[in-house]
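See structure below.
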Amino acid sequence: MPAPTTIVSHPDCRGHDTGPGHPENANRLSALLSAVDHAIPDSKGRITRVRGRHATKDELALAHPDSHIELIEKAAHSASELDCLLYLDADTAVSPGSWDAALAAAGCVITAVDSLAEGSAANAFCAVRPPGHHAAADRAMGFCLFNNVAIGARYAQEKGMQQVLIIDWDVHHGNGTEAIFYADPDVFYLSMHQSPHYPGTGSGSQRGSGPGEGTTLNLPVPPGLPAQKYVDALLDGLDAALSGFKPDLIFLSSGFDAAAGDPLAGLTLTPSDYHHLTTRVLEAAQSHCGGRLISALEGGYNLDVLAACGLAHVRALAGLGEQTSQ
């Protein structure tokens, strides 16, 4: 019997260089995966590790036009020729290794979809970078080159999982994900995020458009919000989403930068809160879509906090308690 949780990663995700002092760096993956390996060394039969693959250009094109794909590929090629970093905006860098890293990040999410479709995993956590939820169809921004979860959602639809719920609890609003699915009635986007904050989008009045009206739910919250109020509001939002939408698959855009101590935000969640939220989302997946849940790493920039919260998240996915002895 397969382990219920699969962790999908790829070594190429570490090859995306963002420059000295950049908060989104390869140490994030090392900290998180080392915490999991140290705290759950034998996985207790609950976790398997899988190496993902590179996405193809046709798979990237599920969420991005050819012009954007070519832009990222050419930028990485130029960075390689010049042996330097190239900046697509003030904080989004492309390095010689960024093309392979971006293909691997999207490909890991695709691998997770295949694992669930084939029944070799009940749920999955994709330990990937660069993150994706700020990437619009035709624009890289906010540390993001391609929208990993959006690509995964479109790929899942091709596999017959037509109705997809995306829950985004990164502290920043996932403007790219929202824009890609804003008029799509088959993808419900639920975002909990600090406001006012980067990127300045995610108003509660934004509810979708055309046939997708009502399938966007933004829950902006102020900095310093007590953790219990955050948890209650997000779970109320989840209930509201599921009251009229029946998903075949749930995605989590799982940033851990809403945790206390993150340098880029001002919210107050703890590892215990992430364990509880993950457990509740997993219960919703078990009730509504056979337990099919895929989580993909987004933000989280304090390495110790990221490791602790990410470990709590993985433990909950695997049905393990909160104990995190290290």
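For region 204-230, enumerate the residues that are in contact with a His (Cβ under 9 Å, 6 or more places away or on another chain) and either open to solvent by 20 Å² or more (accessible area, probe 1.4 Å) or closer than 23 Å to P263 by Cβ (or both).
Quick first cut of region 204-230, residues in contact with a His (Cβ under 9 Å, 6 or more places away or on another chain) only: 218-221, 223.
Within region 204-230, L219, P220, V221, P223 meet the criteria.
Would you pick out the residues in region 280-321 that are assigned to a loop (DSSP other than H, G, I, E, B) and under 17 Å from P4 (Cα atoms)?
Initially, region 280-321 is screened for residues assigned to a loop (DSSP other than H, G, I, E, B), giving 289-292, 298-302, 318-321.
Once the filter is applied, which keeps residues that are assigned to a loop (DSSP other than H, G, I, E, B) and under 17 Å from P4 (Cα atoms), region 280-321 yields C289, G290, G291, R292, A318, G319, L320, G321.
Out of everything in region 285-307 that is free of Cβ contacts under 8 Å to residues at least 60 places away in the same chain and touching a Gly at 6+ places or on another chain (Cβ under 9 Å), what residue ends up being least open to solvent (accessible area, probe 1.4 Å)?
V305
Looking at (1) open to solvent by less than 10 Å² (accessible area, probe 1.4 Å); (2) over 21 Å from the mean Cα position of the chain (by Cα); (3) modelled with pLDDT of 95 or more, which one does C84 not meet, given that it meets all the others?
C84 satisfies all of (1) open to solvent by less than 10 Å² (accessible area, probe 1.4 Å); (2) over 21 Å from the mean Cα position of the chain (by Cα); (3) modelled with pLDDT of 95 or more except (1).
For (1) assigned to a helix (DSSP H, G or I); (2) free of Cβ contacts under 8 Å to residues at least 40 places away in the same chain, each residue gets a yes or a no:
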site: G176; (1), (2): yes, no
site: A183; (1), (2): no, yes
site: G202; (1), (2): no, yes
site: S205; (1), (2): no, yes
site: G224; (1), (2): no, no
site: A233; (1), (2): yes, no
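Kindly provide the set of residues from region 61-74 that are surrounded by fewer than 17 Cβ atoms within 10 Å (Cβ to Cβ) and over 22 Å from the mean Cα position of the chain (by Cα), ordered by number.
If the condition is that a residue be surrounded by fewer than 17 Cβ atoms within 10 Å (Cβ to Cβ) and over 22 Å from the mean Cα position of the chain (by Cα), then D66, S67, E70, K74 are the ones that fit.
Residues that are modelled with pLDDT of 95 or more, open to solvent by 20 Å² or more (accessible area, probe 1.4 Å), farther than 15 Å from D17 by Cβ and not aromatic (F, W, Y): does region 146-156 have at least one?
Taking region 146-156 and keeping what is modelled with pLDDT of 95 or more, we get 146-156.
Restricting the remaining residues to those that are open to solvent by 20 Å² or more (accessible area, probe 1.4 Å) gives 154-155.
Filter again for farther than 15 Å from D17 by Cβ, leaving 154-155.
Retained after the next criterion (residues that are not aromatic (F, W, Y)): 154.
Checking region 146-156: at least one residue is modelled with pLDDT of 95 or more, open to solvent by 20 Å² or more (accessible area, probe 1.4 Å), farther than 15 Å from D17 by Cβ and not aromatic (F, W, Y).
For region 107-143, how many residues are over 24 Å from S34 (Cβ atoms) and either in contact with a Leu (Cβ under 8 Å, 6 or more places away or on another chain) or of a type outside the set (G, A, S) (or both)?
Residues in region 107-143 being over 24 Å from S34 (Cβ atoms) and either in contact with a Leu (Cβ under 8 Å, 6 or more places away or on another chain) or of a type outside the set (G, A, S) (or both): 13 in total.
Out of (1) at pLDDT 95 or above; (2) surrounded by 13 or more Cβ atoms within 10 Å (Cβ to Cβ), the odd one out for T48 is which?
(1)
Tell me which residues, restricted to region 90-123, are in contact with a strand residue (DSSP E or B) (Cβ under 8 Å, 6 or more places away or on another chain), open to solvent by 10 Å² or more (accessible area, probe 1.4 Å) and more than 25 Å from F251 (Cβ to Cβ).
Scanning region 90-123 gives no hits.
Tell me the residue from A241, A260 that is out of contact with any Gly (no Cβ under 8 Å at 6 or more places or on another chain), modelled with pLDDT of 95 or more and surrounded by 18 or more Cβ atoms within 10 Å (Cβ to Cβ), please.
Numbers: A260 fails: surrounded by 18 or more Cβ atoms within 10 Å (Cβ to Cβ).
A241 is the lone residue from the list that is out of contact with any Gly (no Cβ under 8 Å at 6 or more places or on another chain), modelled with pLDDT of 95 or more and surrounded by 18 or more Cβ atoms within 10 Å (Cβ to Cβ).
Give H22, H54, H77, H38 a once-over and let me know the one that is under 25 Å from G255 (Cβ atoms), over 22 Å from the mean Cα position of the chain (by Cα) and not in a strand (DSSP E or B). Explain how you work it out, then say what you get.
Numbers: H22 fails: over 22 Å from the mean Cα position of the chain (by Cα); H54 fails: over 22 Å from the mean Cα position of the chain (by Cα); H77 fails: under 25 Å from G255 (Cβ atoms).
Only one candidate qualifies: H38.
With (1) over 15 Å from G107 (Cα atoms); (2) in a helix (DSSP H, G or I) as the list, and T48 as the residue in question, which single condition is left unmet?
Only one criterion is unmet by T48, namely (2).
Got at least one residue in region 182-200 being within 19 Å of F245 (Cα to Cα), aliphatic (A, V, I, L, M) and open to solvent by 10 Å² or more (accessible area, probe 1.4 Å)? Lay out the reasoning, then the answer.
Restricting attention to region 182-200, the residues satisfying the condition of being within 19 Å of F245 (Cα to Cα) are 182-192.
Adding the requirement that they be aliphatic (A, V, I, L, M) leaves 183, 187, 190, 192.
Restricting the remaining residues to those that are open to solvent by 10 Å² or more (accessible area, probe 1.4 Å) gives 183.
Within region 182-200, one or more residues are within 19 Å of F245 (Cα to Cα), aliphatic (A, V, I, L, M) and open to solvent by 10 Å² or more (accessible area, probe 1.4 Å).
So, in region 25-35, of the ones that are among the aliphatic types (A, V, I, L, M) and assigned to a helix (DSSP H, G or I), which residue ends up most open to solvent (accessible area, probe 1.4 Å)?
First, pick out the residues of region 25-35 that are among the aliphatic types (A, V, I, L, M): 26, 29, 31-33, 35.
Okay, now just the ones that are also assigned to a helix (DSSP H, G or I), so 29, 31-33, 35.
Details: L29: 4, A31: 26, L32: 1, L33: 10, A35: 10 Å².
The selected residue is A31.
The values are calculated or read from the model by the stated rules, or taken from the named source; none is laboratory data. All values reported here derive from a predicted model rather than from experimental measurement. Heads up, the Cβs are rebuilt from the backbone with ideal geometry, glycines too, and the neighbour counts pull from every protein chain shown. The protein model used for the area step is the full one, side chains on, heavy atoms only, and it has no ligands, DNA or RNA in it. Shrake-Rupley method; radii C 1.70, N 1.55, O 1.52, S 1.80 Å.
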